[in-house]
1. Determine, for each peptide in 352-360, 323-331, 48-56, the mean count of other beta carbons within 10 angstrom over its residues, then list the peptides with the highest first.
2. If the elastic network links every pair of Cα atoms under 10 Å, which of 260, 350, 123 fluctuates the most in the Gaussian network model of the chain?
3. State the Cα centre-to-centre distance between the stretch 48-81 and the stretch 313-374 in whole Å.
4. Got a sec? Which residues in the stretch 141-171 would a label at residue 339 touch, if it sits 7 Å along Cα→Cβ and we count backbone N under 16 Å?
5. What's the exposure ranking of 160, 369, 81, 67, going from fewest to most Cβ atoms within 10 Å?
6. Stretched out fully, how many nm does the piece from residue 213 to residue 72 gain, at 0.36 nm a residue minus the Cα gap?
7. With springs only between Cα atoms under 10 Å, which of 258, 32, 80 fluctuates most in a Gaussian network model of the chain?
8. Let me know the Rg and Dmax you get for the stretch 234-374 when you use only its Cα atoms, in Å.
Ligand code: MG
């Protein structure tokens, strides 16, 4: 990047970002130094590298909460990720944070999810207990640092220090002395804001719960009163959509007004100053409690719904069988994974290989290997 181009990126950020944002010019750079791009800043390049990775594309075949057999309306891991990115950018722009970094972090945040969502994760964590267990947040880091191949000279995507640290903070939320950047905290808040709204939408649409059964929850009750005051004669479908729209808009608006007021008081002059303070970018306590109430309901009535428990049990049993099969027969790993299998050991490779699969590929591989195995 010429000095003129560099200053163009920096000038743009100086005009648009608040002093507490993460500026590209202050990035600690990449493990493998690279020439700057002619017209894309470092966090834009991070975002693009994640977007073009195979692990990112595979999110389209990974379930969020509901499987592909349950219909085609509900969110996949990919559409969830896109919703998080959109909501996070909306809030980030309003707070004058670095949108490029926010988008990169949002696209990255669920990239390490295994097939079958959290039940796949639990099963893999049990199977791999002797070799470090499994966490989708940690695996997201492994993917972008070791597994994705983009460059001839080294493995991984060579993301900036800030993007990697953002994901590392997701792995260990209690990293000693490592309060995340505001952009990282924002993506975390946007994640729960997004799934509270879209899981409500999907669960009602799938008929697992009704609005009637949820109307005692404060967030739902308040959103319903707003909808009824502002709209009349809504059919069931439009009522659900209006409710979810309000639920999302209400959470985002509350988060924005709460954080904007606090940030105004603190008057941070740099990202470091914000990180060193006790300020945390998130919902006000009252809204946090209302979200917890909704999340508890979703946990018991939706995530633990008999239909999902049945899918969960079958998926967990199959993950365990697949793990055992690969441990017994490492020759089943595709050729391109054999070198890594020798390097990290067969059980770890089995965990990683299964974790990389989409739900459909997992099912196909399960049936193929278990026919061949028998
Ligand atoms: Mg997520």
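Just so it is clear, none of the values below were taken in a lab; they were calculated from the coordinates. As the structure is a prediction and not an experimental result, all values here were calculated from the model. Methodologically, a virtual Cβ is constructed for each residue, glycine included, from the backbone with ideal geometry; neighbour enumeration extends over all protein chains shown.
1. Details: 352-360: 20.9, 323-331: 15.6, 48-56: 18.4.
Highest-to-lowest ranking by the protection proxy: 352-360, 48-56, 323-331.
2. Top of the fluctuation ranking is 260.
3. Between the Cα centres of the stretch 48-81 and the stretch 313-374 lies a distance of 21 Å.
4. Output list for this probe position: 146-157.
5. Working: 160 23, 369 16, 81 26, 67 20.
Arranged by neighbour count, lowest to highest, 160, 369, 81, 67 become 369, 67, 160, 81.
6. 48.4 nm
7. Checking each option, the largest mean-square fluctuation is seen for 32.
8. 23.8, 67
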